[in-house]
Each structure stands twice: as C-alpha cells, then as structure tokens.
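S.K.: Sharing a structure with you now.
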Amino acid sequence: WAIHAPYVAAINKLKKERNAVILAHNYMTPDIYHGIADFVGDSLQLAIKATEVEADVIVQCGVHFMAETSKILSPEKTVLMPDMEAGCSLAESITAEGVAQMRAQYPGAPVVTYVNTTAEVKAASDICCTSSNAAQIVAAMESDTVIMTPDKYLAQNVAKQVPQKRIVWWDGACIVHERFTPQDLRDFREYNPETRIITHPECPPDVVAEADFSGSTSGILEYVHREKPKQAMLVTECSMASNIADELPEVDFVGPCNMCPFMKKITLEKVLWSLHTMSTPVEVDGAVAGRARVAVERMIDLSR
Ligand code: 13P
Ligand code: SF4
C-alpha cells in the first residue's frame, strides 16, 4: 500500500477538481477497488449507478463495454476509459450482422443480449441482460423461443434455470471462464472436501454443476459475506478473491483462478493519467446510442 499511496492521494484530489466519480468493476485490483473507487459492483450495479451519479465525469475502471453502457445511459457526462484496449472476448465475438443472422434463423424470437457487447450489438437487440438477471429476463419474454447472444455458456446455464423456454445461442465465450474444467473442480474437492466452490455463470455448465453456488460477481461477493466459509474457491477472475480477502480475513481463499488480461489493463497510473489529461472519452453515435439505451433501460426496468 505504501507504493500506491501517492497515486491514491493524487487521484482522489483530481477527482474532486474534475467533479469525477470512479465506477469500478469487482475484477479491479485491490489498489483500485479499495483505494480509489467511489462505487464498486457487477455489470448491472455499475450500469444503474451510472444513471444515478451527479458528477460531470465518470472514470470507468473496467472494460470498454462498461464505459459504453455508462455513456449510453448518461450521454451528457464525460465517460473516460483509462485504457481503450481494455476489451472483452465476448464483446469481440459478435457484430450487429451476427444478431441479424440469428433473427433470420429464428424469425420472431426476441434477442436477449448480454451487456458484454458493443453498443451496435445492443442497438440490434430487443433487450439486454447481465449475469445477475439473465434467467429473470429470459423468463419474462413472451415467445417460447429466445435468442441469447453472445455467451453460449451463460445461455446454457440459463436454459437449465428456465426449462420452459427453448433457448438458442451465439457461439461466444469468455476466455477467463471457459478455461476451467469440471475435473479441476472434482480433483480439488476430493482433497479439500470442506472448500466451498463458487462459480460465475460464464463457466461451462458442467463446471457450474460441480459448484455449491453460482452467481454474478456481486452474487459471489454477497454469498461469501453471508456464509463466511472457512475455505472458498472462487472459480472466476483472480481479483475477486483478493478484494474479498481484504474485507474477510477469516476466509481462506484457495485453488486456481484466471486473470482477465483486459481488466488488468486498468492500473492506478493509467487512472491518474486519464484524470490528468481527461483521456480517453468514450463516444457512441447518437442513433446507435438511442436504440441501445432502449435495450439497456428495458433490462433495468425488468430487474427492479
Ligand atoms: P458481472 O456482471 O457478474 O460482474 O460479470 C461481468 C464480467 O465481465 C464477468 O466476466
Ligand atoms: Fe470479458 Fe471474460 Fe474479461 Fe469479463 S472476464 S471482461 S467476460 S473476457
């Protein structure tokens, strides 16, 4: 923390001067998460927070689609990305044309699109979802067939929770969560039977089937705070365990985790530079933003 202190102090001072707030995803490193964030949360919580904050500037400590979502919901605010290269394998896996292909293949079926997508893809969809409300959103669709893009594993996990719907999906995956295997979890449990195994729904369904609990990043956080297991294995991005460990020293976090190379592009140094130079503002074409906003706001309304 001593190495981070000058950055934290400089960022917190600049935040006031710029009337800025820092929205940070749960996958940010502890120096960002505990040191400079004004609000932390999962994708849904950050999207809702973007509509509520009164600042002139939002610094998005997360990946590009999250900054775009904030801009779509708050076009009058300046939304800064500390590193424009912080992308997402799911967002890269599909374009608006891909959504059109799915619509042609399943005429009349509504398109439920994960927020981990570009504004163009959201604009081509009927409604968005996040990992915390996907089952609820799909269940609320009137049609028997529902198209889910772009995460095939989230779609397959939702299909188990909402068996009354026929869910068809795009072939996208998260490079962080697709790497876990059910055998990893079984092996771990065999030697550590007391460990609580917790997954994110971007993991393949056979991995989720081995878990004691599966939920969005905030769902995971709430579960660990509530249950306070002696040992927990978080089958997700590595910073989740580091951030909770700082709050709950009595829980022993064990087992493997994977790093998201995109989330890890955001550093204290880049946040300081971003606030100092007001770079880089995220822009979304007005017409695209208008249509994307409808899809995101429909999701927020249905999740309340
Ligand atoms: P959450 O909505 O659960 O925070 O997930 C976002 C994400 O990118 C997970 O990989
Ligand atoms: Fe995208 Fe996966 Fe990284 Fe989340 S963890 S931002 S889904 S690549």
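S.K.: Diagonalise the Cα gyration tensor of the chain and give the resulting equivalent ellipsoid semi-axes, square root of 5 times each eigenvalue, largest first, whole Å.
M.R.: 29, 27, 15
S.K.: For the stretch 182-259, I need the span (max minus min coordinate) of the C-alpha atoms along each principal axis, in Å, sorted largest to smallest.
M.R.: Taking max minus min along each principal axis of the Cα atoms, the stretch 182-259 gives 30, 25, 22 Å.
S.K.: Taking a Cβ-Cβ separation under 4.7 Å as the criterion for a possible partner, which cysteines of the chain have none?
M.R.: Within the chain, the cysteines lacking a partner Cβ under 4.7 Å are C61, C88, C128, C129, C174, C203, C260.
S.K.: Binned at 10 Å from 0, what are the whole-percent values of the Cα-Cα distance distribution for the stretch 96-208, short to long?
M.R.: 14, 43, 27, 11, 4
S.K.: List the GluC sites (Glu not before Pro) within the stretch 204-276 that DSSP assigns to loop and that have no more than 15 neighbouring Cβ atoms inside 10 Å.
M.R.: Of the GluC sites (Glu not before Pro), the ones in loops of the stretch 204-276 whose Cβ has at most 15 other Cβ atoms within 10 Å are E250.
S.K.: Once the piece of chain linking K264 and T181 is laid out straight, how much longer is it, given 0.36 nm per residue of separation minus the C-alpha distance between them?
M.R.: 27.6 nm
No lab work stands behind these numbers, since they all come straight from the coordinates. Small disclaimer: the values here were computed from a predicted structure and weren't measured. In this analysis, Cβ positions are derived from the backbone assuming ideal geometry, glycine residues included, and neighbour counts consider all displayed protein chains.
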